Amino acid sequence: MAEDVFTNVSMKAGDAKKSYQWYRDQVRRLGPNVSGSQLLGQKQLTNRIIPGEMYLFMYDPKHKDTLPYYDVMPLVLPFSQVADGFLGINLHYLPYLARFNLLRDLSKLNTRPIDEKTKIDLSWRLLNASAKYQPATACVKHYLSNHIRTRFLKINFSDWITAAMLPVENFKNAKKEKVWQDTKQKYGY
């Protein structure tokens with residue numbers, strides 16, 4: 001299913017850079033049949049993350065009883081491994097257009113030919129240094145290894161925007177519109 005979703009949209013895009021609206025239209029045509037659980041049902045899952053790549057996985061937060069809301073199906077760009085897990089940008093905390101714009105800006109950090117091993121060089125210092133990355137700083141989360149509930153679906157660089165446009169966020173205790181509004185207030189756009 002994941003391969004079909006990404007392949008379907010990639011084939012339609014070809015080598016051309018497409019607009020935000022084009023990606024949203026392609027995802028809408030897929031219908032409501034795409035879920036994070038279906039994507040995680042793939043055989044190409046991995047047990048480890050590499051900073052600068054993108055992953056989808058299921059997560060059960062340690063302090064979920066005290067959090068106002070949380071995402072159990074994060075789509076994350078990890079940038080730092082720490083002793084008990086990793087730090088990463090959960091794109092689901094951004095509305096779709098902000099995700100698109102952030103990924104467009106971050107993709108400029110890649111200077112090599114694009115293939116399935118492409119990643120970007122991310123760091124907290126970089127994210128905090130430029131105003132164009134400010135939306136990302138509001139979405140940085142600490143993921144504990146012992147609270148990750150599935151293996152990781154690695155998203156190839158060429159499929160990042162497609163993955164970001166898929167409506168697979170799964171927030172608990174709040175609707176996504178409330179989460180997005182709170183994120184907007186944190187970084188003032």
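The values are calculated or read from the model by the stated rules, or taken from the named source; none is laboratory data. Being a predicted model, the structure only gives us computed values, none of them experimental. Reconstructed Cβ throughout: ideal geometry from the backbone, glycine too, with neighbour counts over all protein chains shown.
For segment 71-85, filtered to residues that are out of contact with any helix residue (DSSP H, G or I) (no Cβ under 7 Å at 6 or more places or on another chain) and surrounded by fewer than 20 Cβ atoms within 10 Å (Cβ to Cβ), the residue that is farthest from Phe157 (Cα to Cα) is Ala83.
For Tyr55, the test of being out of contact with any His (no Cβ under 8 Å at 6 or more places or on another chain), at pLDDT below 90, surrounded by 19 or more Cβ atoms within 10 Å (Cβ to Cβ) and over 17 Å from Leu127 (Cβ atoms) is failed.
Restricting attention to segment 151-169, the residues being small (Gly, Ala, Ser) and either without any contact (Cβ under 8 Å) to a residue 60 or more places away in the chain or out of contact with any Leu (no Cβ under 9 Å at 6 or more places or on another chain) (or both) number 1. The condition (being farther than 22 Å from Thr137 by Cβ and in contact with a strand residue (DSSP E or B) (Cβ under 7 Å, 6 or more places away or on another chain)) is satisfied by just one residue among Leu77, Leu56, Leu45: Leu45.
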